[in-house]
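**Student:** The structure follows.
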Amino acid sequence: TGLTAIVPAAGIGSRMGADCPKQYLQLAGQTILEHSLALLLSHPAITQVIVALAPHDGWFDALPVAADPRILRVEGGSERAYSVLNALHVASGDWVLVHDAARPCLCHGDLDKLIAAALTCDGAILGSRVRDTMKRTDEQGNIVATVEREQLWHALTPQMFPTAPLRRALEEGLALGATITDEASAMERAGYPVRMVEGRADNIKVTRPEDLSLAGLFLDQQNG
Ligand code: C5P
């Protein structure tokens, strides 16, 4: 059976300072969200994509991809984890992979690596190694430690897990008031092993204005 992809796209992207949510900004002739959806929909293993949209989203319907029969919409929540949970409530199939709408530079090679690892390890996420020397500071900004970077990673998306355990882990985590910024953190606190898969560092999340031109450059490189 096919895989379900969940795309949380209900954020407002306040750090972007644009006049529409960042997933609707134009990048190489398409919105960021369209790039992310196109990559997922073009992968042979993915048969359904559930998009979580803000309650009064006024942009999605205008996109050609909105007519794709493989796309299902749900209403997003006040935080990313609630948006994902709303999608999980309608997800069919044993496995889901969750991918941020704001990561338009994902490529099939990484998706293949992630799917293979998740199926053999019961859950996996894409990540990239940190490159800089890492410091911990106190509240005044004074350095209290240099953190060993050999075992530090940036957590990226997609993140792939069995559907029912992920739903339970998110529900439990949210009920306890935990801060959940990705699926893996919910699975970790529920006691599941999660495998880190090294992905490409160009799979960035468009967050600040300067990220948009960087993402454009990465897409050019991938297609060139
Ligand atoms: O804000 P941040 O960059 O962490 O958002 C990551 C992804 O989660 C984005 O694609 C955003 O649209 C989505 N999101 C959501 N619901 C929220 C907040 C963010 O679907 N309430």
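Bear in mind these aren't lab numbers, they're just calculated from the coordinates by the rules spelled out. Because the structure is predicted, anything quoted here is derived from the model rather than measured. In this analysis, Cβ positions are derived from the backbone assuming ideal geometry, glycine residues included, and neighbour counts consider all displayed protein chains.
**Student:** Could you compute the FRET efficiency for ASP94 and HIS56, with r as their C-beta to C-beta distance and R0 at 25 Å, rounded to 0.05?
**Tutor:** My answer for the efficiency is 0.15.
**Student:** Which ³J(HN,Hα) values, rounded to whole Hz and listed in residue order, are derived for region 129-134 from phi using the Karplus coefficients 6.51, -1.76 and 1.60 in 6.51 cos²θ - 1.76 cosθ + 1.60 with θ = phi - 60°, glycine and proline given as x?
**Tutor:** Whole-Hz 3J(HN,Hα) from phi for region 129-134: 6, 6, 10, 7, 5, 9.
**Student:** Taking a point 7 angstrom from the Cα of ARG149 along the C-beta vector, which residues in region 198-223 have backbone N less than 20 Å away?
**Tutor:** Answer for region 198-223: 198-205.
**Student:** For the chain, modelled as a GNM with alpha-carbon contacts under 10 angstrom, which of GLU150, GLU183, GLU139 fluctuates the most?
**Tutor:** Fluctuation is largest for GLU139.
**Student:** May I ask you to compute the full-extension gain from ASP112 to ALA45, defined as 0.36 nm times their residue separation minus their alpha-carbon distance, rounded to one decimal in nm?
**Tutor:** 23.2 nm
**Student:** Which order, highest average first, do 195-201, 81-87 follow once you tally other Cβ atoms within 10 Å for each residue and take the mean per peptide?
**Tutor:** Listed from highest to lowest mean packing, they are 81-87, 195-201.
**Student:** How charged is the neighbourhood of ALA28? Take every other residue with its Cβ under 11 Å from the Cβ of ALA28, and add Lys/Arg as +1 and Asp/Glu as -1.
**Tutor:** -2
**Student:** Amide H to amide H under 5 Å from ALA124: which residues, 5+ apart in sequence or cross-chain, H placed 1.01 Å off N in plane?
**Tutor:** MET160, ARG195
**Student:** With labels modelled as points extended 7 Å from the Cα through the Cβ direction, what inter-label distance (nm, one decimal) is found for ASN142 paired with ARG208?
**Tutor:** 2.7
**Student:** Another question about this same structure. What are the residues whose amide H is under 5 Å from the amide H of VAL96, where those residues sit 5 or more places off or on another chain and H is modelled from the backbone?
**Tutor:** Correct list: PHE161, THR163.
**Student:** Here's a follow-up. Among DSSP beta bridges lying fully in the chain, give the percent that are antiparallel, nearest 5.
**Tutor:** Among the beta bridges of the chain, antiparallel pairing accounts for roughly 45 percent.
**Student:** Under 28 Å Cα-Cα from LYS113, which lysines qualify once same-chain neighbours fewer than 8 residues away are excluded?
**Tutor:** Leaving aside lysines fewer than 8 places away in the same chain, those within reach of LYS113 are LYS22, LYS205.
**Student:** Starting from 0.36 nm per residue, how many nanometres of slack lie between ALA178 and ARG129 once their C-alpha separation is accounted for?
**Tutor:** Between ALA178 and ARG129, full extension yields an extra 15.1 nm.
**Student:** Right, next: Within the set of other residues whose C-beta is less than 13 Å from the C-beta of LEU97, count the net charge using Lys and Arg as +1 and Asp and Glu as -1.
**Tutor:** Charge balance near LEU97 sits at -4.
**Student:** Considering amide H positions built from the backbone, and no H for Pro or chain starts, which residues 5 or more places from ILE46, or on another chain, come under 5 Å of its amide H?
**Tutor:** LEU3
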